[in-house]
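A short reminder: the numbers here are calculations on the coordinates, not readings from a lab. Keep in mind that what you see is a predicted model, and the values were worked out from it rather than measured. Cβ sites come from the backbone with ideal geometry, for glycine too, and all protein chains shown count toward neighbours.
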Amino acid sequence: MPRARVSAWLVAFPPFAWIALFLFTPYCLLFCYSFWSLDASQQLLRHATLANYLHLATTPLYVTVILRSMRIAFSVVVLSLLIGYPLACFLVFQAGKYKRILYQAVIIPLWISYLVRAYAWKVIFGNEGVMNTLLLWAHATRHPLGFLLYSPFAVIVTLTHIYVPFVVLPVVASLEKIPHELLESSSDLGATAWQTFTRVILPLSLPGVLSGATFAFLLSFGDFLAPLLLGGPSSVMIANIVANLFGADYNWPLGAAVAVLILVMVLVILTITQRLERRWRMA
Amino acid sequence: MSSAVFLRLENVGKRFGEHTVLASISLDVEQGEFLTLLGESGSGKTTLLRILAGFEEATAGRILLEDQRLDAMPPHKRPIHTVFQSYALFPHMSVFDNVAYGLRVRGCARAEMTSRVNEALEKVRMERFAKHFPRQISGGQKQRVALARALVNRPRLLLLDEPLSALDANLRLEMQRELKLLQREVGITFIFVTHDQSEALAISDRVVLLRHGKVEQCGTPRAIYSTPRTAYAAGFIGKSNLVAGVVRQGVADCGAFSVPVKLADGPVTFSLRPECIAPAVPGSDQQVQFAAEVVAEQFHGADSILTLRCAGGMELSARVAGPLDNGRGFAFEAQDLIPLEHE
């Protein structure tokens with residue numbers, strides 16, 4: 001083998017080894033576990049069976065929780081886009097000399113621990129939290145609002161807060177890629193600012209919107225911490241179920257089956273969005 | 001009040017802070033004219049075009065299109081369209097949709113839109129490519145689509161910002177010819193920006209030579225070529241010999257030769273085009289004759305460029321056809337010696 005090839009292999013080996021050892025192998029194990037089962041004395045039976053998957057399909061709890069997780073994730077995507085897209089537009093087209101500093105301001109929250117930020121919302125939404133105190137003081141309500149905390153509402157707000165930067169960054173990147181002449185050309189041909197936005201800017205930024213939305217959706221869908229800290233029983237998400245099955249319930253085979261199901265759903269979503277994105281980029 | 005002028009620029013100026021990009025440009029353009037703004041980069045030609053399009057605001061002066069103030073109108077309301085250097089086709093739209101864009105945003109009826117778009121595509125011979133996307137067609141074809149996209153809206157004025165500069169040399173010549181024919185056919189006033197003097201000469205009815213944000217010279221290609229006003233114009237448009245001399249009592253003494261002129265006494269610089277110099281024909285008295293030594297010859301096929309060294313050390317370049325006999329006498333017509341203004 002030529003020396004250049006050898007050194008290329010040497011450089012590539014550590015990341016490959018890392019992925020093989022810490023990602024691929026656990027996934028394979030997970031996949032195997034999902035076809036095994038436990039006997040009455042909690043002993044692992046290594047015989048292939050579809051029992052776990054049948055259990056998932058026939059127990060309404062799992063379907064409900066998966067649908068709820070998707071609903072919450074979808075709400076997060078919509079909210080993040082509603083906040084993130086105008087922000088990205090402002091950064092790219094309006095901010096001028098403040099663009100750099102504002103861009104940094106979008107990124108900086110990513111440096112702060114997720115846990116800290118989730119707890120912060122607890123402080124804000126609690127019965128004696130900032131929000132309720134303010135509302136009581138303003139006589140906007142007589143009793144503290146209970147739905148603020150331990151509800152899907154709290155989970156959605158927290159996740160949105162955390163994933164807005166994940167939407168802003170790819171949208172900014174795709175808006176910046178639009179050549180300035182296209183905007184001039186549009187207005188030159190008689191389009192108003194709004195027409196230029198809907199007919200040129202928006203369609204050309206769709207790849208960024210899509211990758212931001214995919215990020216926000218997948219990360220929210222698999223989130224575990226926000227429902228644990230801020231969600232009540234009505235906002236248990238699928239990752240919490242997995243954690244319980246592996247932890248308290250000690251039913252690894254069933255937990256593995258749920259995990260494989262999530263993995264498949266994620267792969268399906270990724271494939272679809274990547275196809276879409278490629279098509280939009282080509283156009 | 002109606003004046004005959006189609007487009008009038010009155011003292012149009014543009015400053016960026018302390019920096020003057022355009023200094024008081026005044027210009028009248030006729031309906032149906034093919035006008036070229038020629039200049040080096042930094043001459044202000046593109047800025048002037050952008051002011052006309054409405055992408056930039058003039059800091060002084062006013063612009064009238066058929067007696068209507070244009071300056072205060074936003075770009076999307078001006079009856080003016082631009083063909084950009086980069087074509088600026090919308091990458092997410094087909095050729096048809098690109099051309100239809102202007103009609104769509106103005107809410108043109110579907111049937112009319114379709115027929116006008118097809119007509120425009122036919123005019124630039126792109127009807128077969130209606131369903132293609134910009135990434136699927138060549139540079140020359142993009143150029144045609146950009147033209148169709150502007151012309152389909154029947155603008156009063158079409159601005160072209162170095163539209164041919166991205167094309168290779170052969171295609172460029174072909175597009176020059178096509179552009180000129182197209183302009184004659186549609187009868188729309190074209191204002192064309194280029195830094196390429198040969199393109200400007202080949203394509204325009206009238207050339208405006210810009211330098212440092214001022215009009216250096218303005219005229220038909222022939223006039224501007226045959227009688228350059230300044231040394232800059234003489235050197236920028238075509239090649240020229242600059243001949244220095246001194247006028248005394250109606251005779252300009254240039255060292256190697258003396259020529260009778262109608263100029264005041266004092267130093268003077270003339271422009272003498274290389275093709276105006278030819279081997280001397282003995283016995284002709286209309287010509288200014290001089291002796292020179294050929295120090296270099298470059299053969300170009302149809303003609304040769306000679307470097308002549310005259311008495312007194314002055315070097316002239318001459319463009320002559322055919323083989324040279326070994327004569328050392330050269331001559332030119334007195335009227336070809338163009339006195340230039342001092343700068």
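With only Lys, Arg, Asp and Glu charged, each at its Cβ (+1 for the first two, -1 for the last two), find how big the charge dipole of segment A:60-282 is about the Cα centre; round to the nearest 20 debye.
My answer is approximately 100 debye.
Need one value for B:76-86: mean number of C-beta atoms belonging to other chains within 10 Å of its residues' C-beta atoms.
Counting Cβ atoms of other protein chains within 10 Å of each residue's Cβ and averaging gives 4.
Per residue of chain B, what 222 nm ellipticity follows from adding -39500 (n - 2.57) for every DSSP H run with n ≥ 4, rounded to the nearest 500?
Value at 222 nm, helices only: -7500 deg cm²/dmol.
Evaluate the charge dipole of the protein assembly as shown about its Cα centre and quote only its size in Debye, nearest 20, assuming +1 on the Cβ of each Lys and Arg and -1 on the Cβ of each Asp and Glu.
Computed about the Cα centre, the dipole is about 2200 debye.
Using the Kyte-Doolittle scale, which helices in chain A average at least -1.0 and also have C-alpha atoms spread 20 Å or more along the helix axis, with helices defined as whole DSSP H runs?
Span-like helices, by this rule, are A:3-19, A:60-89, A:152-176, A:202-221, A:252-282.
Rounded to whole Hz and in sequence order, give me ³J(HN,Hα) for segment B:267-272 from the Karplus expression 6.51 cos²θ - 1.76 cosθ + 1.60, θ = phi - 60°, writing x for Gly and Pro.
Each residue of segment B:267-272 in turn: x, 8, 10, 10, 9, 9 Hz.
Mind listing which GluC sites (Glu not before Pro) in segment B:205-302 are in a DSSP loop and have 13 or fewer other Cβ atoms within 10 Å?
none
Taking the Cβ of A:Leu230 as the center, what net charge do the other residues with Cβ under 12 Å away carry, scoring Lys and Arg +1 and Asp and Glu -1?
Every neighbour counted, the sum reads +1.
Let me check I've understood the local charge: for B:Asp97, count other residues with C-beta under 11 angstrom from its C-beta, Lys and Arg +1, Asp and Glu -1. What total comes out?
Once all neighbours under 11 Å are counted, the net charge is +4.
For B:Ser165 paired with A:Thr198, estimate the spin-label separation in nm (one decimal), with each label point 7 Å from Cα along the Cα-to-Cβ line.
3.6
To the nearest 20 debye, what charge dipole does chain B have about its Cα centre, counting +1 at the Cβ of each Lys and Arg and -1 at the Cβ of each Asp and Glu?
So the magnitude is around 1520 debye.
Exposure proxy check: A:Cys28, B:Cys218 ranked by fewest other beta carbons within 10 Å?
A:Cys28, B:Cys218
Checking the table A:Lys97/B:Lys14; A:Lys177/B:Lys142; B:Lys142/B:Lys180; A:Lys177/B:Lys180; A:Lys99/B:Lys14 against a 25 Å threshold on Cα-Cα, which pairs fail?
A:Lys177/B:Lys180; A:Lys99/B:Lys14
Farthest toward the dipole's positive end in segment B:163-257, which of B:Gly255, B:Leu179, B:Val207, given Cβ charges of +1 (Lys, Arg) and -1 (Asp, Glu) about the Cα centre?
Of B:Gly255, B:Leu179, B:Val207, it is B:Gly255.
Choose one of B:Ala23, B:Val99, B:Ala280: the residue whose Cα lies farthest towards the positive end of the charge dipole of chain B (beta-carbon charges +1 Lys, Arg; -1 Asp, Glu; about the Cα centre).
In chain B, that residue is B:Val99.
Can you pull out the GluC sites (Glu not before Pro) in segment B:39-83 whose DSSP state is coil and whose Cβ has at most 15 other Cβ atoms within 10 Å?
The qualifying sites are B:Glu40, B:Glu57, B:Glu66.
Enumerate by residue number the trypsin sites (Lys or Arg not before Pro) in segment A:93-168 meeting two conditions: DSSP loop (anything except H, G, I, E, B), and at most 15 other Cβ atoms within 10 Å of the site's Cβ.
Passing both the DSSP loop test and the Cβ count: A:Arg142.
Could you calculate the FRET efficiency of B:Asn118 with B:Gln31 from 1/(1 + (r/R0)^6), where r is the beta carbon distance between them and R0 is 25 Å, rounded to 0.05?
The computed FRET efficiency comes out at 0.40.
Spin-label point model (7 Å from Cα, Cβ direction): what's the A:Ala248 to B:Arg106 distance in nm?
6.9
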